[in-house]
Structure formats: C-alpha cells, structure tokens
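Please treat every number below as a calculation from the coordinates, not as lab data. This one's a predicted model, so the numbers in the text were calculated from it and none came from an experiment. So basically every Cβ, Gly included, is an ideal-geometry build from the backbone, and we count neighbours across all protein chains shown.
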Amino acid sequence: WKFYYAADGSGATTFYPATGNRNRETGALTSVGASGFAWSSSPNASSSVLAGYLGFDATVVYPLYYNSRAHGFPVRCVQE
C-alpha cells in the first residue's frame, strides 16, 4: 500500500507491504497479503507490554493503534 505524506493525497509517498503478522501466542503467520502492520518507534506510555503501530487493510487504516509488543510486526517501511 502507498501512503501519501500530505493529507490532501499529493506529493511524496511511502510504501508499506501487506506483510501480515506473526501471532504472539502460536507463532503462526496470519493475514499475509491482506493486512499490514509496522511498529512505531516508542512504547505505550501507560503500559510496558503495549506499543504503538500502524495497521491497515483494504478498508481501514489505524495510524496509531496499540497491541502487545510480543506480536511479530515489521519495524520500518520500505521507502521509494
């Protein structure tokens, strides 16, 4: 998925592949090709087990959502 840096959908873009994730309990890969995730650079201020991430699929984008740090999400995007 390509995301624009500008709110009006113009200018430079960044690319995030729909990598899916590695489940924290089973270790299984899930949602590969359907959803994408990428960790933010800092943990959640109110919980040491949560961290912020970007999440998206074909219908929704979560620009800053929180989940257990034990999930296997990628750390950074692929920039064009």
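Computed from backbone phi, the HN-Hα couplings of segment 44-59 come to 5, 5, 9, 8, 6, 9, 10, 9, x, 8, 8, x, 7, 8, 5, 10 Hz, rounded to whole numbers (Karplus: 6.51 cos²θ - 1.76 cosθ + 1.60, θ = phi - 60°; Gly and Pro given as x). Label-to-label distance for Thr30 and Ala12 is 3.5 nm, based on points extended 7 Å past Cα in the beta-carbon direction.
Quick check on the chain: what are the equivalent-ellipsoid semi-axes from the Cα gyration tensor, as sqrt(5λ), descending, whole Å?
Taking √(5λ) for each Cα gyration eigenvalue gives 22, 16, 10 Å.
At a 10 angstrom cut-off on C-beta neighbours, averaged per residue, how do the peptides 25-31, 10-16, 49-55, 67-73 rank from highest to lowest? Present the calculation step by step, with values, prior to reporting the outcome.
Numbers: 25-31: 10.6, 10-16: 12.6, 49-55: 17.4, 67-73: 15.4.
Those peptides, ordered most packed to least, come out 49-55, 67-73, 10-16, 25-31.
What FRET efficiency comes out for Ala45 versus Val75 if R0 is 22 angstrom and r is the Cβ-Cβ distance? Round to the nearest 0.05.
Values: r = 20 Å, r/R0 = 0.89.
After rounding, the FRET efficiency stands at 0.65.
The mean sequence distance of close C-alpha pairs (under 8 Å, at least 6 residues apart), as a share of the length of the chain, puts its relative contact order at 28 percent.
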